[in-house]
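The next block holds one structure in the form of C-alpha cells; read it before the comments.
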Amino acid sequence: MTTGLQFSLPQLATGLLLLLSVQCWAESGKVLVLPTDGSHWLSMREVVRELHARGHQAVVLTPEVNMHIKEEDFFTLTAYAIPYTQDEFNHLLLSHTQLFFETEHFLKKFSRSMEILKNMSLVAHGACVELLHNETLIRHLNATSFDVVLTDPVYLCGTVLAKYLSIPAVFFLRYIPCDLDFKGTQCPNPYSYVPKLLTTNSDHMTFLQRVKNMLYPLALSYICHAFSAPYASLASELSQREVSVVDILSHASVWLFRGDFVMDYPRPLMPNMVFIGGINCANRKPLSQVCIGAFMQSMFQAKHF
C-alpha cells in the first residue's frame, strides 16, 4: 500500500503560518479557533500550542458549557452562553456512551446511535444559533480583524462564522461523513476504487462490493442532510441569500486531515488537501521494555496458535 505524506507538528504549524503571513513584514497573526469538543479538541490543542510558541495570538471560541475546552496559558478563551446547564449538557451527550460497548442487534444499535447523534446535533446547533445571534460578540470578532479561522467541520458552525466574517478558513479534521470533503473541494470521488468507511470493503473489491460501495453513501445522504441543513439555513439567513452546505464547505482555504495513506486507503486529493497523520500523537512516550516484551510475546503466541 502506498505511504502518504506525513508531517511533524512543527512542519504543520509552518504551513499554517504561511496563511498568517500575507505581508512579508508581519510579525504575528491572529487566529480565531472554533473547535469541536471532545477528542477533536485534544488534537487541535497541540496546534494552538505551537502557534502560540511561534508568537501568534489564538482566541478559542467555545460555549460556556463544554467537556474539555478550558482556559490555558497559550490562548485566550472567549466563552458565550448557551441554553443548557452543565447537567443537561452531560445528560444529552454523555449518558448513553455505554452503548458503544454493548452487544445487541445491529438495527437496534443503529437506531439508538442515531438518537444520540440527534441529541448531539441539537446541542451543537443550539450553541451555534446563540453564537451567531450574539450581536455584541460578532461585532467584537469583526473588530479584532482575525487573519484565519481554524475549525473542525464535523459541526459546521465555525465554517458558517468564517464565511459570514469573510475570514479565510483552515479545516482540521479526521473525517467528515457523506463525502462532503469531496463535494466541498470538487475532488474526484471514484466509488468503484476507494472503499467507504464502515463498509468493511478492501481495496480489492468484487463487483457486488463495488455496488455496495456506491449504494452506502446514498443510504447516509438523508441522515447527513438532516444534520447539516440547519447550518445552511443559518448561513442563508445571515447572508440573506440561498446558501448550500457545499457553498459553506467550499469556503475553506486548506483542509488538514488527521490521517495518512498507512491508516487510510489512497484516494484522490486536491492541492489544498493535506494529510497530517500522527498529529494527535504529539505527546508520545517511548514504550518500556516490559511493554515491548509483552507485545512480542503475545505476537509469538498468536502466530503459533
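The numbers here are math on the coordinates, done by the rules we state, and not lab data. None of the values given here were measured: they were computed from a predicted structure. So basically every Cβ, Gly included, is an ideal-geometry build from the backbone, and we count neighbours across all protein chains shown.
The figures follow:
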read-out	value
5 angstrom amide H check on residue 243, placed H, neighbours 5+ away	236
Added length on full extension, which subtracts the Cα-Cα distance from 0.36 nm per residue, residue 270 to residue 226	13.1 nm
Cβ-derived FRET efficiency at R0 41 Å, residue 189 paired with residue 76, nearest 0.05	0.60
Cut-off under 5 Å, modelled amide H: who pairs with residue 67 long-range	38
Rg/Rh (Cα only; Kirkwood hydrodynamic radius) as it applies to the stretch 172-292	1.06
Entries in 70/183; 118/163; 163/212; 70/196; 30/285; 30/196 that, when Cα-Cα distance is taken, lie over 27 Å	70/183; 163/212; 70/196; 30/285; 30/196
Förster radius 45 Å - calculated FRET efficiency between residue 115 and residue 139 (Cβ-Cβ, nearest 0.05)	0.75
Under 5 Å, built H, 5+ apart or other chain: amide partners of residue 58	31, 76
